[in-house]
1. Going residue by residue through the range 177-192, is there one that turns out to be without any contact (Cβ under 8 Å) to a residue 12 or more places away in the chain and closer than 22 Å to Leu102 by Cα?
2. Could you check how many residues of the range 152-190 are assigned to a loop (DSSP other than H, G, I, E, B), open to solvent by less than 70 Å² (accessible area, probe 1.4 Å) and of a type outside the set (Asp, Glu)?
3. For residues that are of a type outside the set (Lys, Arg) and modelled with pLDDT under 90, scanning just the range 214-243, find the one that is surrounded by the fewest Cβ atoms within 10 Å (Cβ to Cβ).
4. Enumerate the pairs (first residue in the range 17-31 and within 21 Å of Thr3 (Cβ to Cβ); second residue anywhere and among the basic types (Lys, Arg) and outside any loop (DSSP other than H, G, I, E, B)) with beta-carbon separation below 6 Å, excluding pairs fewer than 6 apart on the same chain, so at least 6 apart or on different chains.
5. Could we say that Gly45 is closer than 17 Å to Ala95 by Cα and either open to solvent by 10 Å² or more (accessible area, probe 1.4 Å) or of a type in the set (S, T, N, Q) (or both) here?
Amino acid sequence: MATLPLQADKFIGFDNYKQLYFIKDNILHKQGSEGVYVYSDFQLGKIASVDIINPLKIVIFYETVNTVVFVDNRLNEIERINFNNLPQFVTVSTATNAGNNLLWIFNVDTQQLELFDYRSNRKTIVSQPFSGKLLSQASNFNYCFMLTERMLRAFNVYGSLLSEMEAMNFEKIIQQNEKVLALKANALYTIQMLPKENSEKTIHPIKIELPENPIKDLQLSQDLLYIYDGINILTFSLTPPKQ
């Protein structure tokens with residue numbers, strides 16, 4: 001287990017180039033071998049989320065003003081989307097990168113997951129309306145995982161519901177490719193939300209054995225699990241050692 005000291009309000013994670021991202025005093029920071037960069041726009045309010053799946057086009061979401069800001073690898077602003085100004089007004093509570101000029105967004109007005117094309121300003125409804133509050137969204141270019149008070153669901157970019165299970169009091173989810181981790185009462189569980197062919201269809205969360213550290217923020221990247229306990233970033237390998 002490796003440790004790295006960090007003073008931050010929120011740990012975002014490491015990108016594919018091992019550059020570190022975090023939020024301190026509502027400023028997004030990037031640090032690493034590429035240099036030190038910051039981004040802020042206090043007029044937009046509090047940063048709700050940051051998606052670094054594409055380090056060349058990072059998605060910063062400001063929920064209070066219903067706005068997404070795209071920044072490049074030096075955290076220079078590229079463009080922004082104000083959902084209040086769209087021809088079809090939409091209130092958004094999550095916005096993450098879906099690739100190909102698309103965003104995964106959760107439409108609060110209809111309680112539905114949608115794919116939004118920010119070049120054509122067109123949106124595609126992915127899900128039926130959800131019942132219960134949306135607690136956490138984790139996504140990549142192929143899949144979006146949605147955790148509500150009642151259910152955990154997996155969708156693909158074609159709008160298909162791939163699987164679902166009871167929420168089991170999970171508080172937050174993270175993902176990498178087809179792997180999903182869920183947080184509950186400071187414990188982590190791995191969940192196979194995308195069953196393999198000929199595998200059992202019932203989904204069984206499996207608890208991950210970890211040291212008892214507080215989990216403030218976490219990220220899963222390249223089979224490495226990063227946990228921020230408020231003082232240090234702890235790094236764990238999820239790949240079993242070769243015999």
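The values are calculated or read from the model by the stated rules, or taken from the named source; none is laboratory data. Computed from a prediction, not measured in an experiment: that's the story for all the values here. Cβ placement follows ideal geometry from the backbone for every residue including glycine, while neighbour counts extend to all protein chains displayed. What goes into the accessible areas is simple: the full protein's heavy atoms, side chains included, and nothing from ligands, DNA or RNA. Shrake-Rupley method; radii C 1.70, N 1.55, O 1.52, S 1.80 Å.
1. Within the range 177-192, none of the residues are without any contact (Cβ under 8 Å) to a residue 12 or more places away in the chain and closer than 22 Å to Leu102 by Cα.
2. Of the residues in that region, 5 qualify.
3. Just the residues of the range 214-243 that are of a type outside the set (Lys, Arg), to begin with: 214-215, 217-241, 243.
Pick out the ones that are also modelled with pLDDT under 90 and you get 222-223, 238-241, 243.
On the way: Gln222: 12, Asp223: 12, Leu238: 14, Thr239: 8, Pro240: 6, Pro241: 5, Gln243: 3.
Here the answer is Gln243.
4. Going by the 6 Å Cβ cut-off, the qualifying pairs are Gln19/Lys30; Tyr21/Lys30; Ile23/Lys10.
5. On the way: closer than 17 Å to Ala95 by Cα: yes; either open to solvent by 10 Å² or more (accessible area, probe 1.4 Å) or of a type in the set (S, T, N, Q) (or both): yes.
Answer is yes for this residue.
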